[in-house]
Each structure stands twice: as C-alpha cells, then as structure tokens.
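The values are calculated or read from the model by the stated rules, or taken from the named source; none is laboratory data. Everything numeric in this text was worked out from a predicted model, so none of it was measured. Here the Cβ positions follow ideal geometry from the backbone for every residue, glycine too, while neighbour counts run over all protein chains shown.
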C-alpha cells in the first residue's frame, strides 16, 4: 500500500538579500502530488513534525550547503514542544541547528500562547532560529509577535500596497533586533517597494520560482539596488550577512578541500566548535595554495584543517558596516579579502560579511547623502528630516519638530552683503550641529531656514544655545526666530501634517520682536510664547482696543 510519503515531493525557493543580491537561505516547501497532506498536518501535530524532518532530509539529498528554512504550524509547536526529532534529524544530517530557521506559520487562533512561547524557547536553546511567517495576511496577534522576538519576520507582499503598514513593521523589527523579509514578490515594482520600505530580505517568483533542484543564481532587478532606502547613519551588518560555509573544528584538510573544490562560490570555511562558535578561519586561496604545493596533499590531507587556518575575525550581529571595516583594517593587509564571521549574542556564527559588499553599500550611502546635502552648510535637506519624522511617527514616539530662521534676512543681505549673509547661515548651521546630541537631527532646507528634530529632553538646551548666541553679520546685530510643535503618539499622521501644525507657530514667532520662541502641541489649540515680546505697535493696538 502506498503511503502519503510516496506522493510527497519537496521544492526549494531561495531567500534573497536585497542589499547584495545573493541567496542567503533556501525555504523547503512540501508539494504533495495527491491528497491534501498539508491540510491534515494543520490538524495533526505529529504529521507536521514528520514533514519538517522529511524536509531537512530532502535538503541533505540535494547536497546544498545553504542555510535552510523549514515550515511548522504554530499549533504543532504548542503541542509537541521543542521538536526533538527535528533537532536529531539536523544533527544526523551533518548540519547545525543554527543553520536552520523554523518558519512558524498561522493559524494562531486557539493556539495556547504560553505553550507556543515555551516551545520557541526550547528551539532557541537547541540553536534553531525563529521566523514569524505569514505576517500581515495571517492571524498572528501583535503582542504575541513581540513576545516571540523572532530573528526574522516574513511579511506578505500584499501589504506592499500599504506602505505605512510595512514601514511600521520595519520600525517594530528595528526595536526587536529582527530582520524583515517580504515573501510572494512577483514584480519588479514590488521588489523596489520592499527595498524602499526597508526590507532586507525577499523571496518570490520574481527571483526564482520553487524548484526541485536548489538554484545557485537568482534574478534581482538592478533598480532594487538603486532604490531609495531608509535614512540611516550607518547600515547594519545584518543587511549584508551571507551564508557561511561551516565545518566542525575537528575537520581534516581533506574535508575542507572537498568542500571548496565542490563549491566554487565559497570564499572560505569557518571551523566551529559544537556550539557553533568560530574557532578557525580557512581562506580559500591561501588554503588551496598550501594544498597544491609540492607534497602539499600528502602532508596536509589527513591533518586537522585548523593548522592551515587563522584566528577568526568576528563582529556581533548588531554591528554597523563601519565597525566591520574597522575589524578588517585591524587584521593586516594580507587578510583584507577574508570573510568576517558574524556572531549572535552567544558567539554562534550566523553568517559572514564580505568586504566588497560593505564597501559598495557604504559608497552608495555616502554618494546619496552627499547629493542631499546643502552645499552651503553641508547639512542634509528636508527629505532626510521628513523621512525621520515619518519613522518616529510610525514608531509611536513623542518628538519636537522646530523651524528656525534669521529675522529680516533679506535686509541682512542687502545691508551687509551676501558673503556676510552666507557666513551667518554657516555659523547658525555649525552651532546647531555642535549642540545637537543623541537622536537630534538638524537639516538646512534652503536660504536661512533650518529644521530641527529632537526629543523633548534635548529641546531646551538647543533652543537656549541658538537664541542666546550673539549673532551678527557685517557688524550688524541679528536675531533669530524659533517655532516648535510637540507631536505625541497619534497626534499627526505624517510629516505633512506636522509641518501644517508648525506653519501658524512660525507666523506667531515672526510676529514677536527680538529673539523669539513659540511652542505649541499638535492637536491642541493655542501656543506658548517662551521667548520674545509683542512689538510696541502691537501692544499699543491691544491697549487701544
């Protein structure tokens, strides 16, 4: 009698890194040729667990060295706990648990959340990584998602039409230290939208459809690399992690040679201990050169590969690309082409970062930043500030958005000359930049207009420094006006609404004499005058009235 396994096949779909265009993992998908095994697995935890084990074994038969994504229903984890058979299957196949991500999928309705969280904790203890699958098109509660604290969130591509939702999820992922992936990407437009929204990973038929044989190359639209991403002071190394070629630290030189000659794209091998912590790093070219020398194979083939390796260079998963470059620079010129091992909080290897990927991305970032800088002050323009305003709104932050300008600037230019006017603007920009601290952002939006985005704690010191400064141009005294709107969670929907709230405050500040500061709150009537006085004519009119 034929069993359900006789009609079951597995296919592989690549997970693509949008920053590098490389394949970072393979998701294994069950494809029954008869019957509806997946529907049964949703109701039968034992069957679903067996499918996960079968998926790992199917990948082993294809001899792929890429990390794997294995699907499991949330209810299965709650019923079975830590999926010990999956751990045994991974170890028995010669793979390591941290090379496997468990994609936890819906439905979540009626799943005991405490039992699910305990099971996820058990998987983590075994070394597995966790992905929350089907987010946005499933029923995962937001509180449960944050409690899970997954390593990866997979967002359904249908949400790309709702950019605010995707950006909000990106903000949540940043807070959780989680990567964001978009699955089901079918068009180049969706790919570009995923990149703009800040997703680091994606998968879908655009890159490569599911196939019985794992692909080694994917199509990534060139526009994806040029798409405008989120404004960040320095990209995270998470965005550039490539799969690592791992072998146990007891591996022989012959085993390393077999892996390298069978995988021409692998630039090096990391030797790890039983816990997945890198112990030695074997560089492809240096290793093969040693092996190819006279008597090299005879001398080294059966000896530990560790003897031909170097001390690994490692960075934490939360490091920035600039910190990785520092590690590369400290390693000496002979090792600039070595991969840098990226490790988690337990020191376990989660992948490698390559110098070429980092340099390209940092160069593009600097070019984009330079193009957006004001040529007079070298401060970013309005796009950088408004983008950060939208990010803080999506994150539910309280912040203060301020507009600053020089009073009667046209008269300053006419009386002191444009060169003195330019120097005054540069001086204002330098002081704002010097005073800004923490999360404060300063932008020069043209002429004598500046935007300042700050937390409430940093607002008073910055205002005092700029309002108390003895400004002058060509020997003529000058004053400045400051208008601030405080935006609490839910008070504005985007930067346009925040700017609309700021406009009347700006008018009120300009109506005051001397250095002035007016502060209001989004959604609340009226404003508070913190600096400045009513002009004499205004006071006389009020008295007469």
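Take the conditions (1) part of a helix (DSSP H, G or I); (2) farther than 14 Å from residue 20 by Cα; (3) touching a helix residue (DSSP H, G or I) at 6+ places or on another chain (Cβ under 8 Å); residue 191 misses just one of them, which is (2). Residues considered: 94, 35, 82. Of these, the only one that is closer than 18 Å to residue 244 by Cα, modelled with pLDDT under 90 and surrounded by fewer than 19 Cβ atoms within 10 Å (Cβ to Cβ) is 94.
Can you tell me how many residues in region 69-112 are closer than 21 Å to residue 12 by Cα and under 28 Å from the mean Cα position of the chain (by Cα)? Quick ask: steps written out before the conclusion?
Step one: of region 69-112, the residues closer than 21 Å to residue 12 by Cα are 69-73, 86-87, 89-106.
Pick out the ones that are also under 28 Å from the mean Cα position of the chain (by Cα) and you get 69-73, 95-106.
Final tally of qualifying residues: 17.
State which residue is modelled with the lowest pLDDT when the search covers only region 332-353 and only residues that are surrounded by 15 or more Cβ atoms within 10 Å (Cβ to Cβ) and over 21 Å from residue 177 (Cα atoms).
First, pick out the residues of region 332-353 that are surrounded by 15 or more Cβ atoms within 10 Å (Cβ to Cβ): 335, 337-344, 347-353.
Now restrict to residues that are over 21 Å from residue 177 (Cα atoms): 335, 337-339.
Details: 335: 74, 337: 78, 338: 84, 339: 87.
The selected residue is 335.
With 424, 431, 453 as the choices, which residue is under 17 Å from residue 376 (Cα atoms) and in contact with a strand residue (DSSP E or B) (Cβ under 6 Å, 6 or more places away or on another chain)?
Working: 431 fails: in contact with a strand residue (DSSP E or B) (Cβ under 6 Å, 6 or more places away or on another chain); 453 fails: under 17 Å from residue 376 (Cα atoms).
Answer to the selection: 424.
Please indicate, with yes or no, whether at least one residue in region 526-542 is over 17 Å from residue 442 (Cβ atoms) and in contact (Cβ under 8 Å) with a residue 60 or more places away in the chain.
Step one: list which residues in region 526-542 are over 17 Å from residue 442 (Cβ atoms), which gives 526-542.
Then keep just the ones that are in contact (Cβ under 8 Å) with a residue 60 or more places away in the chain; that gives 530-531.
Yes, region 526-542 contains a residue that is over 17 Å from residue 442 (Cβ atoms) and in contact (Cβ under 8 Å) with a residue 60 or more places away in the chain.
Test residue 462 against the stated conditions and say whether it is at pLDDT 90 or above and crowded, with 20+ Cβ neighbours inside 10 Å. Considered against the rule, which asks whether it is at pLDDT 90 or above and crowded, with 20+ Cβ neighbours inside 10 Å, residue 462 comes out as no. Regarding residue 15, is this residue surrounded by 22 or more Cβ atoms within 10 Å (Cβ to Cβ) and in contact with a strand residue (DSSP E or B) (Cβ under 9 Å, 6 or more places away or on another chain)? In short, yes. Pick from region 150-182 the residues that are out of contact with any strand residue (DSSP E or B) (no Cβ under 8 Å at 6 or more places or on another chain) and not in a helix (DSSP H, G or I): which of them is nearest to residue 19 (Cα to Cα)? Of everything passing the filter in region 150-182, 177 is nearest to residue 19 (Cα to Cα).
Let's see how each residue does on (1) at pLDDT 90 or above; (2) in contact with a helix residue (DSSP H, G or I) (Cβ under 6 Å, 6 or more places away or on another chain); (3) in the same structural domain as residue 452 (by TED's automatic domain parsing); (4) more than 26 Å from residue 410 (Cα to Cα):
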{"position": "476", "(1), (2), (3), (4)": "no, yes, yes, no"}
{"position": "483", "(1), (2), (3), (4)": "yes, yes, yes, no"}
{"position": "490", "(1), (2), (3), (4)": "no, no, yes, yes"}
{"position": "509", "(1), (2), (3), (4)": "yes, no, yes, no"}
{"position": "512", "(1), (2), (3), (4)": "yes, no, yes, no"}
{"position": "518", "(1), (2), (3), (4)": "yes, yes, yes, no"}
{"position": "523", "(1), (2), (3), (4)": "no, no, yes, yes"}
{"position": "536", "(1), (2), (3), (4)": "no, no, yes, no"}
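Looking only at residues in region 398-423 that are surrounded by 14 or more Cβ atoms within 10 Å (Cβ to Cβ), touching a helix residue (DSSP H, G or I) at 6+ places or on another chain (Cβ under 7 Å) and modelled with pLDDT of 85 or more, the one that is farthest from residue 511 (Cα to Cα) is 399. Of the residues 132, 115, 119, the single one that is buried (at least 20 other Cβ atoms within 10 Å of the Cβ) and part of a helix (DSSP H, G or I) is 119. Of the set (1) surrounded by fewer than 17 Cβ atoms within 10 Å (Cβ to Cβ); (2) in contact with a strand residue (DSSP E or B) (Cβ under 8 Å, 6 or more places away or on another chain); (3) within 28 Å of residue 84 (Cβ to Cβ), all apply to residue 147 but (2). Taking each residue of region 254-266 that is closer than 13 Å to residue 66 by Cα and not assigned by TED's automatic domain parsing to the domain that holds residue 64 and looking for partners that are at pLDDT 90 or above and assigned to a loop (DSSP other than H, G, I, E, B) with beta-carbon atoms closer than 6 Å, six or more apart or interchain, yields 266/245.
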